[in-house]
Amino acid sequence: MENQFFKFFDDDGKEINPDLIPKPSLCTSCKKDDDPTQEPLCTLTRFDQQGEDRFDCYTFEPKTN
């Protein structure tokens, strides 16, 4: 899915492609996963923690049935 609304850049000014950032299972079980208004925060949170042993998201809210 191509992001047409936001562009993300790392500290060196290189553009970040959100589609190439792995999405942890915690994200896919979060009710914000399908919310386009949360996409920038979620993308930057995942980008910041790439390569870490543990993924932490302090805004996680489980999906409800």
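Near the amide H of residue 8, under 5 Å away, which other amide H atoms are found, from residues 5 or more places off or on another chain, if H is placed in the peptide plane?
Hits under the 5 Å cutoff: 16.
If packing is taken as the average count of other Cβ atoms within 10 Å, what order do 34-44, 55-65 fall into, highest mean first?
Working: 34-44: 13.9, 55-65: 10.3.
Top to bottom by mean Cβ count within 10 Å: 34-44, 55-65.
Tell me which GluC sites (Glu not before Pro) from the chain have a DSSP coil assignment and no more than 16 other beta carbons within 10 Å of their own. Walk me through the intermediate numbers first.
Numbers: sites: 2, 15, 52; in loops: 2, 52.
Of the GluC sites (Glu not before Pro), the ones in loops of the chain whose Cβ has at most 16 other Cβ atoms within 10 Å are 2, 52.
If the cut-off is 15 Å between C-alpha atoms, which aspartates and glutamates fall inside it for residue 63, apart from same-chain ones fewer than 8 positions away?
Excluding near neighbours in sequence, the set is 33, 34, 35.
When the Karplus curve 6.51 cos²θ - 1.76 cosθ + 1.60 is applied with θ = phi - 60°, which whole-Hz ³J(HN,Hα) does each residue of segment 56-61 get, with x for Gly and Pro?
10, 9, 7, 10, 4, 9
Which whole-Hz ³J(HN,Hα) couplings does segment 24-35 yield from phi under the Karplus relation 6.51 cos²θ - 1.76 cosθ + 1.60, θ = phi - 60°, glycine and proline marked x?
After applying 6.51 cos²θ - 1.76 cosθ + 1.60, I find x, 4, 4, 5, 6, 9, 9, 5, 7, 4, 9, 9 Hz.
Given an 8 Å cut-off on Cα distances and at least 6 residues of separation, report the relative contact order of the chain as a percent. The partial results should precede the final answer.
Values: 43 pairs, mean separation 21.0, N = 65.
Relative contact order for the chain comes out at 32 percent.
Give me the distance in nm between label points sitting 7 Å out from Cα along the Cα-to-Cβ direction at residue 20 and residue 37, one decimal.
The answer from the label model is 3.1 nm.
Angle check, please: helix 39-48 long axis (alpha carbons) against the longest principal axis of the chain (alpha carbons), in degrees 0 to 90, nearest 10.
Orientation of helix 39-48: about 70 degrees from the principal axis.
Each label point is 7 Å from the Cα along the Cα-to-Cβ direction; what then is the distance between the points at residue 57 and residue 27, in nm?
0.7 nm
Would you kindly compute the Cα radius of gyration of the chain and its largest Cα-Cα separation (Dmax), both in Å?
In Å, with Rg to one decimal and Dmax whole: 12.1, 42.
Read-outs: derived from the displayed coordinates by stated rules, not from any lab. Values in this document were obtained by computation on a predicted structure and should not be read as measured data. Counting neighbours? That spans all protein chains shown, and the Cβs are built from the backbone with ideal geometry, glycine included.
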